[in-house]
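K.L.:
Dropping a structure here in structure tokens format, bear with me for questions.
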Amino acid sequence: MAWTKNVLRVNLTAGTCTTEPLNMTWAREYLGQRGLATKYLVSEIDPAVDPLSPDNKLIFATGPLTGTMAATGGRYSVITKGPLTGAIACSNSGGYFGAELKFAGWDLLIFEGASPKPVYLLVTDGRAELVDATDLWGKTVWETEEHIKKAHLDPQIRVAAIGRAGENRVLYAAIVNDLHRAAGRSGVGAVMGSKNLKAVAVRGTRTDAYRLADPEAFFAATEAGKKALAANGVTGQGLPAFGTQVLMNVINELGALPTRNHREVQFEGAQAISAEAMKQKRPTDGKANLVTNGACFGCTIACGRISRMDPGHFSVKDKPRYHGASGGVEYEAAWALGAANGVSDLEALTYANFLCNEDGFDPISFGATVGAAMELYDLGVLTKEIVGFEMPFGSAEALVKVAELTASGEGFGQEIGLGSKRLCAKYGRPELSMTVKGQEFPAYDGRGLQGMGLAYATSNRGACHLRGYMVSPEVLGIPEKMEPQATEGKPAMLKAFQDLTAVVDSSGLCIFTTFAWGLSDIQPQIQAACEGDWSGDRLLTMGERIWNLERGFNLAAGLTCKDDNLPPRLLNEPAPTGPQKGAVSKLGEMLPEYYRVRGWTTEGVPTAETRARLGV
Amino acid sequence: MQKSLHLDPNKCTGCLQCEMACSWENYRSFTTAKSRIKVFTFHHEGRFVPYTCTQCDEAWCLIACPVDAIRLDPVTGAKIVLEPTCVGCKVCTIACPFGAINYVAQTGKVQKCDLCGGLPACAKACPTGAITYVDADWTGLEKMRQWAGRTDTNAATA
């Protein structure tokens with residue numbers, strides 16, 4: 001039984017921490033992490049709740065494989081109702097924090113209410129207390145971690161914190177742990193800020209926190225899994241050497257790299273912000289942007305980028321605190337901070353990414369919102385008078401300036417902090433917001449990759465690449481090659497991806513393993529760790545159950561099938577160049593079929609039969 | 001032939017599989033806090049460095065122990081803690097210049113790397129070859145090989 005079977009409930013209004021036993025009936029139906037925490041959230045809050053009110057709840061959740069030797073077994077998720085979307089928010093992070101929580105003896109932390117003053121939660125094994133954080137309010141994530149470790153004279157504490165963005169309710173504020181790993185999307189950090197909760201600090205030393213159901217089978221399954229990761233070209237070579245950035249040139253050449261707020265699908269500066277560029281020595285200081293790759297807890301892939309900036313770059317010339325190495329740009333961040341704005345200055349992107357980590361905001365939504373603002377500026381809707389400086393496409397100076405303002409919550413940064421949907425609506429051009437359900441697209445064009453377009457439209461947390469990664473079949477040929485412009489079979493393939501992803505996200509493992517692993521690799525690892533029957537069929541049904549549970553929450557929150565849509569640009573404006581030239585999203589062809597394979601009505605509502613079959 | 005742990009920080013990614021393996025070997029738990037090998041992150045340098053006991057030939061800990069609870073394992077060369085004998089006085093933790101022997105409050109004894117009796121779990125678990133268990137007389141072999149490879153024999157004979 002790889003659960004600790006302990007839930008810590010923290011009532012921030014009352015200032016109390018109480019222990020309760022994990023609901024094992026739910027654990028058997030939802031496994032852990034994403035699924036299990038969603039079940040708790042859905043059972044405990046009104047779906048119509050204002051996400052930033054004390055009535056919303058915020059759940060940190062580990063999975064049964066978190067804190068184990070299973071490769072990548074270090075993930076945790078943060079589940080809440082998201083302020084950016086008004087839908088379910090579920091953001092997944094790596095680093096070391098999740099495993100530490102498990103070693104301290106907790107499966108879930110449930111935060112409810114709101115503290116009257118800033119606090120942080122300190123968890124030391126079975127002991128939990130709220131500590132005054134008045135002095136930490138206004139500090140960055142990096143300062144907060146340093147302060148907490150010093151205050152408790154314990155450098156081994158792991159910290160997940162919000163920066164100023166979360167305090168300022170930036171609607172895509174992130175929760176950042178271990179300095180540069182983030183529960184990044186949908187504004188979970190703003191919910192934390194609204195509760196006056198600055199950080200969660202954990203030290204876990206228990207050796208009896210949980211037990212594997214069958215250690216022998218566990219080692220056999222996890223060692224086989226590690227071998228498969230090492231032997232696979234993507235997880236064994238591509239990701240450790242190049243990171244997710246391995247995709248930049250590939251997607252650009254395929255004509256699916258959204259550029260300048262999706263006006264175009266190929267970026268002339270892609271090479272300059274690619275993985276290959278990160279490895280080249282800079283002419284200015286003779287050093288490469290990339291210092292090394294780094295792993296999250298238990299990860300034998302190690303895709304993380306650790307970068308060091310050119311200390312002479314204009315953005316950091318007089319700021320030595322950015323001269324050391326820190327978390328570098330991953331593909332989605334490099335796209336959002338770069339191609340989405342037409343900026344091809346890798347150092348400026350790295351700086352903006354450092355700021356996203358330092359003050360806790362999502363580089364995807366931030367960069368995409370800057371892209372929308374630059375288009376508004378290009379159209380003359382936004383002016384230098386409104387913004388405070390010139391903001392044309394391609395301006396690294398503007399990107400840097402607006403990143404600083406968003407981090408600090410000053411000036412035009414306050415408007416960028418609302419996200420692209422609210423920004424474009426405010427200036428009378430809502431159609432220019434490249435969002436679904438209010439959340440900004442990541443780095444693949446829904447015209448160039450038809451399956452990704454459908455994945456965006458139907459994702460339960462708004463536009464997202466991590467709910468059903470159709471790039472795998474459409475670009476990489478995993479598990480089988482599907483032509484980017486084809487629509488046939490894609491709704492069913494997407495459903496399979498979405499359901500499997502929900503399983504992985506509930507286990508404690510990283511979704512990147514699925515480049516190499518199928519259900520038959522994952523299932524034995526879960527089965528060996530957990531008591532009970534975890535057959536492949538049961539797991540996939542569970543994934544489908546989780547998907548429908550999230551869907552049900554969203555429908556109850558007021559979303560409808562009208563929200564399963566794409567911006568008019570993707571439906572009407574053909575891709576202007578490249579191999580996908582002339583393509584628009586054929587969402588209308590795929591969505592009815594998707595609803596059908598899901599067992600939903602033509603209005604996108606799970607039928608009574610589907611609900612009964614899944615038990616939701 | 002005696003072997004020793006060889007640590008190559010350049011290959012380390014900070015995944016902590018070694019720490020989990022060590023903890024599992026001794027506690028049947030993956031709790032990294034109980035590991036005898038530690039990976040240190042030098043964040044601003046972008047470096048991950050594994051570190052543990054190097055099994056000194058003249059071991060300060062062994063010499064300092066007032067109750068002879070630290071003995072030489074003649075097969076592996078490891079200095080091992082005899083738990084039933086250890087009284088938890090911690091003098092060895094003061095004597096060790098490297099901090100590689102530490103007290104464990106849970107057991108009331110000290111612990112240090114014992115090379116797992118000759119099959120170090122950390123080396124087996126390391127996915128990148130940053131930790132290997134090699135001929136104790138030739139820990140420099142790989143580095144020598146790299147330098148040897150750079151030798152330009154053509155230029156020398158020209």
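The values are calculated or read from the model by the stated rules, or taken from the named source; none is laboratory data. Everything quoted here is computed from the prediction, not taken from an experiment. Because the Cβ atoms are built from the backbone with ideal geometry, glycine has one as well, and the counts that use them run over all protein chains shown. Note: accessible area is taken over every heavy atom of the protein model, side chains too, but ligands, DNA and RNA are not part of it. Shrake-Rupley method; radii C 1.70, N 1.55, O 1.52, S 1.80 Å.
K.L.:
If you scan region B:35-55, which residues turn out to be crowded, with 24+ Cβ neighbours inside 10 Å and either within 12 Å of chain A (Cβ to nearest Cβ) or on the phi > 0 side of the Ramachandran plot (or both)?
P.N.:
B:SER35, B:VAL39, B:PHE48 - these are the residues of region B:35-55 that are crowded, with 24+ Cβ neighbours inside 10 Å and either within 12 Å of chain A (Cβ to nearest Cβ) or on the phi > 0 side of the Ramachandran plot (or both).
K.L.:
From the set of residues in region B:1-19 that are under 20 Å from B:TRP138 (Cα atoms) and charged (D, E, K, R), which is surrounded by the most Cβ atoms within 10 Å (Cβ to Cβ)? Walk me through how you get there before you give the answer.
P.N.:
Quick first cut of region B:1-19, residues under 20 Å from B:TRP138 (Cα atoms) only: B:1-11.
Checking which are charged (D, E, K, R) leaves us with B:3, B:8, B:11.
Numbers: B:LYS3: 19, B:ASP8: 17, B:LYS11: 15.
Across region B:1-19, the extreme among qualifying residues is B:LYS3.
K.L.:
Something else about it: Of these, B:GLY140, B:GLY149, B:GLY117, B:GLY129, which one is within 14 Å of chain A (Cβ to nearest Cβ) and of a type outside the set (D, E, K, R)?
P.N.:
After applying the criteria, what remains is B:GLY129.
K.L.:
Next question, about the same structure. Of the numbered conditions (1) touching a residue at least 12 places away in the same chain (Cβ under 8 Å); (2) surrounded by 22 or more Cβ atoms within 10 Å (Cβ to Cβ), A:TYR322 satisfies every one except a single condition; which is it?
P.N.:
(2)
K.L.:
Does region A:248-263 contain at least one residue that is part of a loop (DSSP other than H, G, I, E, B), within 13 Å of chain B (Cβ to nearest Cβ) and either out of contact with any Asp or Glu (no Cβ under 7 Å at 6 or more places or on another chain) or touching a residue at least 40 places away in the same chain (Cβ under 8 Å) (or both)? Spell out how you get there, then give the answer.
P.N.:
Of region A:248-263, the ones part of a loop (DSSP other than H, G, I, E, B) are A:254-258, A:260-263.
From what's left, within 13 Å of chain B (Cβ to nearest Cβ): none.
No.
K.L.:
Is it the case, given these coordinates, that A:PHE393 is within 30 Å of A:LYS139 (Cα to Cα) and aromatic (Phe, Trp, Tyr)? So that I can check it myself, show each step before the final result.
P.N.:
Numbers: within 30 Å of A:LYS139 (Cα to Cα): no; aromatic (Phe, Trp, Tyr): yes.
Spelling it out, it is not the case that A:PHE393 is within 30 Å of A:LYS139 (Cα to Cα) and aromatic (Phe, Trp, Tyr).
K.L.:
Then there's this: Taking A:ALA2 as meeting all but one of (1) part of a loop (DSSP other than H, G, I, E, B); (2) crowded, with 24+ Cβ neighbours inside 10 Å; (3) touching a strand residue (DSSP E or B) at 6+ places or on another chain (Cβ under 8 Å), write down the number of the exception.
P.N.:
Among (1) part of a loop (DSSP other than H, G, I, E, B); (2) crowded, with 24+ Cβ neighbours inside 10 Å; (3) touching a strand residue (DSSP E or B) at 6+ places or on another chain (Cβ under 8 Å), A:ALA2 violates only (3).
K.L.:
Further, regarding this structure: Is there a residue in region A:320-338 that is away from chain B (no Cβ under 14 Å) and either modelled with pLDDT under 95 or not in a helix (DSSP H, G or I) (or both)? Quick ask: steps written out before the conclusion?
P.N.:
Here is the first cut: in region A:320-338, the residues away from chain B (no Cβ under 14 Å) are A:329-338.
Imposing the further condition that a residue be either modelled with pLDDT under 95 or not in a helix (DSSP H, G or I) (or both) reduces the set to A:329-330.
Yes: region A:320-338 contains one or more residues that are away from chain B (no Cβ under 14 Å) and either modelled with pLDDT under 95 or not in a helix (DSSP H, G or I) (or both).
Each row is one residue, and each column tells you yes or no for (1) of a type outside the set (Asp, Glu); (2) under 19 Å from A:SER53 (Cα atoms); (3) touching a Phe, Trp or Tyr at 6+ places or on another chain (Cβ under 8 Å); (4) open to solvent by 20 Å² or more (accessible area, probe 1.4 Å).
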| residue | (1), (2), (3), (4) |
| --- | --- |
| A:LEU84 | yes, yes, yes, no |
| A:ALA89 | yes, yes, no, no |
| A:GLY95 | yes, no, yes, no |
| A:ALA99 | yes, no, yes, no |
| A:ALA104 | yes, no, no, no |
| A:ASP107 | no, no, yes, no |
| A:VAL119 | yes, yes, no, no |
| A:THR124 | yes, no, no, yes |
| A:LEU136 | yes, no, yes, no |
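K.L.:
Ok, one more. Filter region B:109-132 for residues that are touching a residue at least 24 places away in the same chain (Cβ under 8 Å), open to solvent by 40 Å² or more (accessible area, probe 1.4 Å) and not in a helix (DSSP H, G or I) and give the result.
P.N.:
B:LYS109, B:ASP114, B:PRO127, B:THR128, B:THR132 - these are the residues of region B:109-132 that are touching a residue at least 24 places away in the same chain (Cβ under 8 Å), open to solvent by 40 Å² or more (accessible area, probe 1.4 Å) and not in a helix (DSSP H, G or I).
K.L.:
When region A:77-99 is examined, which residues are found to be touching a helix residue (DSSP H, G or I) at 6+ places or on another chain (Cβ under 8 Å) and outside any strand (DSSP E or B)? Write out each step before concluding.
P.N.:
Going residue by residue through region A:77-99, those that are touching a helix residue (DSSP H, G or I) at 6+ places or on another chain (Cβ under 8 Å) are A:77-84, A:87-92, A:99.
Listed by number, the residues that qualify are A:GLY82, A:PRO83, A:LEU84, A:ALA87, A:ALA99.
K.L.:
Would you confirm, using the coordinates I've provided, whether B:GLN106 is closer than 30 Å to A:ALA209 by Cα, open to solvent by 90 Å² or more (accessible area, probe 1.4 Å) and within 14 Å of chain A (Cβ to nearest Cβ)?
P.N.:
yes
K.L.:
Moving to a separate point now. Looking at region A:281-300, which of its residues are within 14 Å of A:ARG181 (Cα to Cα) and either at the interface with chain B (Cβ under 7 Å from one of its Cβ atoms) or over 23 Å from the mean Cα position of the chain (by Cα) (or both)? I'd like the intermediate steps shown before the answer.
P.N.:
Start the filter on region A:281-300 by keeping residues that are within 14 Å of A:ARG181 (Cα to Cα), which leaves A:293-297, A:299.
Those that are within 14 Å of A:ARG181 (Cα to Cα) and either at the interface with chain B (Cβ under 7 Å from one of its Cβ atoms) or over 23 Å from the mean Cα position of the chain (by Cα) (or both): A:ASN293, A:GLY294, A:ALA295, A:PHE297, A:CYS299.
K.L.:
Could you check region A:149-166 and list, in sequence order, the residues that are without any contact (Cβ under 8 Å) to a residue 60 or more places away in the chain and touching a helix residue (DSSP H, G or I) at 6+ places or on another chain (Cβ under 8 Å)? If you could, list the steps in order and put the result at the bottom.
P.N.:
Within region A:149-166, the first condition is being without any contact (Cβ under 8 Å) to a residue 60 or more places away in the chain, and the residues that meet it are A:149-157.
Listed by number, the residues that qualify are A:PRO155, A:GLN156, A:ILE157.
K.L.:
Could I ask something else about it? When you go through A:GLU589, A:GLU550 one by one, which is the residue that is part of a helix (DSSP H, G or I), modelled with pLDDT of 95 or more and farther than 30 Å from A:GLU253 by Cβ? Give the derivation first.
P.N.:
Details: A:GLU589 fails: farther than 30 Å from A:GLU253 by Cβ.
From the options A:GLU589, A:GLU550, the qualifying one is A:GLU550.
K.L.:
Which of the numbered conditions does B:GLY99 fail, given that it passes all the others? Conditions: (1) open to solvent by 20 Å² or more (accessible area, probe 1.4 Å); (2) under 15 Å from B:ASN26 (Cβ atoms); (3) free of Cβ contacts under 8 Å to residues at least 60 places away in the same chain.
P.N.:
(2)
K.L.:
Considering only residues that are facing chain B (nearest Cβ under 10 Å) and open to solvent by less than 10 Å² (accessible area, probe 1.4 Å), which ones fall in region A:307-317? Before you say what the answer is, go through the steps one by one.
P.N.:
Here is the first cut: in region A:307-317, the residues facing chain B (nearest Cβ under 10 Å) are A:307-308.
Listed by number, the list holds a single entry, A:SER307.
K.L.:
Just give me the residues in region A:462-481 being assigned to a loop (DSSP other than H, G, I, E, B), open to solvent by 20 Å² or more (accessible area, probe 1.4 Å) and not hydroxyl-bearing (Ser, Thr, Tyr), in sequence order. Show your work before the answer.
P.N.:
First pass over region A:462-481, keeping only residues assigned to a loop (DSSP other than H, G, I, E, B): A:462-470, A:477-481.
Next cut, open to solvent by 20 Å² or more (accessible area, probe 1.4 Å) only: A:466, A:469, A:477-481.
Within region A:462-481, A:LEU466, A:GLY477, A:ILE478, A:PRO479, A:GLU480, A:LYS481 qualify.
K.L.:
Further question on the same structure: Could you say which residue among A:PRO54, A:PRO21, A:PRO64 is in contact (Cβ under 8 Å) with a residue 24 or more places away in the chain and open to solvent by 10 Å² or more (accessible area, probe 1.4 Å)? Give the derivation first.
P.N.:
Values: A:PRO21 fails: in contact (Cβ under 8 Å) with a residue 24 or more places away in the chain; A:PRO64 fails: open to solvent by 10 Å² or more (accessible area, probe 1.4 Å).
Selected residue: A:PRO54, the only one of A:PRO54, A:PRO21, A:PRO64 that is in contact (Cβ under 8 Å) with a residue 24 or more places away in the chain and open to solvent by 10 Å² or more (accessible area, probe 1.4 Å).
For every residue, the table says whether it meets (1) surrounded by fewer than 16 Cβ atoms within 10 Å (Cβ to Cβ); (2) within 14 Å of chain A (Cβ to nearest Cβ); (3) over 27 Å from B:ASP137 (Cβ atoms).
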site	(1), (2), (3)
B:ALA21	no, yes, no
B:ASP57	yes, no, no
B:ASP73	yes, no, no
B:ILE80	no, no, no
B:THR85	yes, no, yes
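K.L.:
Only one residue in A:GLY388, A:GLY394 is open to solvent by 10 Å² or more (accessible area, probe 1.4 Å), over 26 Å from A:MET248 (Cα atoms), in contact (Cβ under 8 Å) with a residue 12 or more places away in the chain and out of contact with any His (no Cβ under 8 Å at 6 or more places or on another chain). Which one?
P.N.:
Unique residue meeting the criteria: A:GLY388.
K.L.:
Continuing with this model, one more query. Looking at B:THR31, is it more than 17 Å from A:ARG203 (Cα to Cα), open to solvent by less than 30 Å² (accessible area, probe 1.4 Å) and modelled with pLDDT of 95 or more? Give the steps one after another, and end with the answer.
P.N.:
Working: more than 17 Å from A:ARG203 (Cα to Cα): no; open to solvent by less than 30 Å² (accessible area, probe 1.4 Å): yes; modelled with pLDDT of 95 or more: yes.
In short, no.
K.L.:
How many residues does region A:566-616 hold that are in contact with a Cys (Cβ under 6 Å, 6 or more places away or on another chain) and surrounded by 16 or more Cβ atoms within 10 Å (Cβ to Cβ)?
P.N.:
So the first thing to find is which residues in region A:566-616 are in contact with a Cys (Cβ under 6 Å, 6 or more places away or on another chain), and the list is A:603-604.
Then keep just the ones that are surrounded by 16 or more Cβ atoms within 10 Å (Cβ to Cβ); that gives A:604.
So the count comes out to 1.
K.L.:
Does region A:357-365 contain any residue that is in contact (Cβ under 8 Å) with a residue 12 or more places away in the chain, hydroxyl-bearing (Ser, Thr, Tyr) and either open to solvent by 30 Å² or more (accessible area, probe 1.4 Å) or more than 14 Å from chain B (Cβ to nearest Cβ) (or both)? Spell out the reasoning first.
P.N.:
Our first condition is that a residue be in contact (Cβ under 8 Å) with a residue 12 or more places away in the chain; within region A:357-365, this holds for A:357-365.
Okay, now just the ones that are also hydroxyl-bearing (Ser, Thr, Tyr), so A:365.
Now restrict to residues that are either open to solvent by 30 Å² or more (accessible area, probe 1.4 Å) or more than 14 Å from chain B (Cβ to nearest Cβ) (or both): A:365.
There is at least one residue in region A:357-365 that is in contact (Cβ under 8 Å) with a residue 12 or more places away in the chain, hydroxyl-bearing (Ser, Thr, Tyr) and either open to solvent by 30 Å² or more (accessible area, probe 1.4 Å) or more than 14 Å from chain B (Cβ to nearest Cβ) (or both).
K.L.:
Of the conditions (1) within 14 Å of another protein chain (Cβ to nearest Cβ); (2) under 14 Å from B:THR132 (Cα atoms); (3) polar (S, T, N, Q), B:THR13 clears all except one; give me its number.
P.N.:
Against the list (1) within 14 Å of another protein chain (Cβ to nearest Cβ); (2) under 14 Å from B:THR132 (Cα atoms); (3) polar (S, T, N, Q), B:THR13 comes up short only on (2).
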